[in-house]
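K.L.:
Please read through the structure below; I'll follow up with questions.
The values are calculated or read from the model by the stated rules, or taken from the named source; none is laboratory data. Note that this is a predicted model, so its numbers are computed, not measured. A quick note on method: Cβ atoms are made from the backbone with ideal geometry, for glycine too, and the neighbour counts reach across all protein chains shown. Please note that ligands, DNA and RNA were not included when accessible areas were found on the heavy atoms of the full protein model with its side chains. Shrake-Rupley method; radii C 1.70, N 1.55, O 1.52, S 1.80 Å.
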Amino acid sequence: QVQLVESGGGLVQAGGPLRLSCAASESIARINAMGWYRQAPGNQRELVAVIRKGGSPNYADSVKGRFTISSDNAKNTVYLQMDSLKPEDTGVYYCNARTPGYMATYRDYWGQGTQVTVSS
């Protein structure tokens, strides 16, 4: 199993930056993909950004150009740099790790979430 711990959430004014961190219990170099999801009150959880092993980062259209996902394999940590934050970015942000499962299956692991609140 993979344990994930998020940190860095908090209250920030619109237009400001915030950086989230996700520390993994295992080497992220052996994880298929690492990603960030968020869930706003009353909404479904949505993909924000994902970086796949051997691939390029992908972003939701709503955050493209403002958010950047990156990784530090030596620290087993994935980051989400958020710039030009908007009130609609408010929500609980979750770190996700996708690992190989049995045969052609996969398994997702989730962190506990960290609250991001953007004020007007």
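K.L.:
Please verify whether VAL63 is among the hydrophobic types (A, V, I, L, M, F, W, C) and either part of a strand (DSSP E or B) or under 18 Å from VAL5 (Cα atoms) (or both), treating the condition exactly as stated. Let's see the steps before the verdict.
P.N.:
Working: among the hydrophobic types (A, V, I, L, M, F, W, C): yes; either part of a strand (DSSP E or B) or under 18 Å from VAL5 (Cα atoms) (or both): no.
In short, no.
K.L.:
Mind checking which residues of the range 28-44 are open to solvent by 10 Å² or more (accessible area, probe 1.4 Å) and in a loop (DSSP other than H, G, I, E, B)?
P.N.:
Result: ASN32, ALA40, PRO41, GLY42, ASN43, GLN44.
K.L.:
Taking ALA40, is it without any contact (Cβ under 8 Å) to a residue 60 or more places away in the chain and more than 16 Å from THR117 (Cβ to Cβ)?
P.N.:
Values: without any contact (Cβ under 8 Å) to a residue 60 or more places away in the chain: yes; more than 16 Å from THR117 (Cβ to Cβ): no.
Taking the combined requirement at face value, the residue does not satisfy it.
K.L.:
Only one of (1) touching a residue at least 40 places away in the same chain (Cβ under 8 Å); (2) closer than 19 Å to SER71 by Cβ fails for ALA14. Which number is that?
P.N.:
Looking at each condition in turn, ALA14 falls short on (2).
K.L.:
Given (1) under 19 Å from SER120 (Cβ atoms); (2) open to solvent by less than 60 Å² (accessible area, probe 1.4 Å); (3) part of a loop (DSSP other than H, G, I, E, B); (4) in contact (Cβ under 8 Å) with a residue 40 or more places away in the chain, identify the lone condition not met by VAL2.
P.N.:
Unmet for VAL2, out of (1) under 19 Å from SER120 (Cβ atoms); (2) open to solvent by less than 60 Å² (accessible area, probe 1.4 Å); (3) part of a loop (DSSP other than H, G, I, E, B); (4) in contact (Cβ under 8 Å) with a residue 40 or more places away in the chain: (1).
K.L.:
Would you pick out the residues in the range 45-56 that are open to solvent by 50 Å² or more (accessible area, probe 1.4 Å) and either more than 16 Å from VAL92 (Cα to Cα) or among the hydroxyl-bearing types (Ser, Thr, Tyr) (or both)?
P.N.:
Of all residues in the range 45-56, those open to solvent by 50 Å² or more (accessible area, probe 1.4 Å) come to 45-47, 52-54, 56.
The answer is ARG52, LYS53, GLY54, SER56.
K.L.:
Within the range 66-120, how many residues are in contact with a Cys (Cβ under 6 Å, 6 or more places away or on another chain) and part of a strand (DSSP E or B)? Steps first, please.
P.N.:
First, pick out the residues of the range 66-120 that are in contact with a Cys (Cβ under 6 Å, 6 or more places away or on another chain): 78, 95, 111.
Applying the additional criterion that residues be part of a strand (DSSP E or B) yields 78, 95.
Result for the range 66-120: 2.
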